[in-house]
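Asker: Just dropping this structure here.
Quick note: the coordinates plus some simple rules give every number you see, no bench work behind them. All values reported here derive from a predicted model rather than from experimental measurement. Virtual Cβ from ideal backbone geometry, glycine too; neighbours counted across all protein chains shown.
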Amino acid sequence: MSTPTDVLALWNALFETCHQERSGTFFLACADNKSGQVVLHNGHLIGICYAGEYGERAIDRLTVTQQLRFSFTADLIFPVAETLLPEQAAALLRGLGYADYLVRDGAESGRLIHREGDVSKQVVRVYRGRAIEEPVVDNQSVRSGDELVKPARIYRGRAVQG
């Protein structure tokens, strides 16, 4: 069983890195020879993997590890087999207590507190090992004035007009 301070230190480092809007990968290791990664891009959680599990299952496995160690490598977006949707990532962070961290951090530093209603207009996804930011677009056509505007098509990671 991991000591609570090991896991809490990881979550606090994750929260601080998200709050600073940094990109990179947390590499995790423990005494029972299991490893994992937590991948961030501009403060957004891209994916989490630990002991062959992804997402919420990986977090559950992390809570029962032995002697957890971790390091953060900035600007390295490690490819994760299962990436998280923005809603999934927000739910995982909320479940870990990120909102409480923001309130506590905002109260201590006097900074603006980000609330749940603040939604980024960019979606981050991993394509061929690179993080790509895309604008949020509905799959339906959107009426702009009198013109019908079609959503952008993506081909090989780039928007295609036409």
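Asker: At a Förster distance of 25 Å, what's the computed FRET efficiency of ARG94 paired with ALA9, Cβ-Cβ distance as r, to 0.05?
Answerer: 0.80
Asker: What FRET efficiency, computed as 1/(1 + (r/R0)^6) with R0 = 45 Å and r the Cβ-Cβ distance, is obtained for ASP60 and ALA159, rounded to the nearest 0.05?
Answerer: Approximately 0.75, to the nearest 0.05.
Asker: Go ahead and collect, in residue order, the members of region 60-97 whose backbone nitrogen is under 16 Å from a label point 7 Å along the Cα-Cβ direction of ASP32.
Answerer: 60-69
Asker: Same structure again: Residue-wise, which Karplus ³J(HN,Hα) couplings in Hz belong to region 94-101, taking 6.51 cos²θ - 1.76 cosθ + 1.60, θ = phi - 60°, and x for glycine or proline?
Answerer: Karplus values, whole Hz, x for Gly and Pro: 5, x, 7, x, 5, 5, 5, 4.
Asker: May I ask you to list the residues of region 75-96 whose amide nitrogen lies under 19 Å from a point 7 Å from Cα along the Cα→beta-carbon direction of ARG22?
Answerer: Only 75-79, 93 pass the distance filter.
Asker: Give the long-range amide H neighbours of SER23: residues separated by 5 or more places, or on another chain, with amide H under 5 Å away, using H modelled in the peptide plane at 1.01 Å from N.
Answerer: Residues meeting the amide H criterion: ASN42, GLY43, ASP75.
Asker: Now for a separate question. Check ILE46: other-chain or 5+ apart residues with amide H under 5 Å from its amide H, H built from backbone geometry?
Answerer: VAL39, LEU40, HIS41
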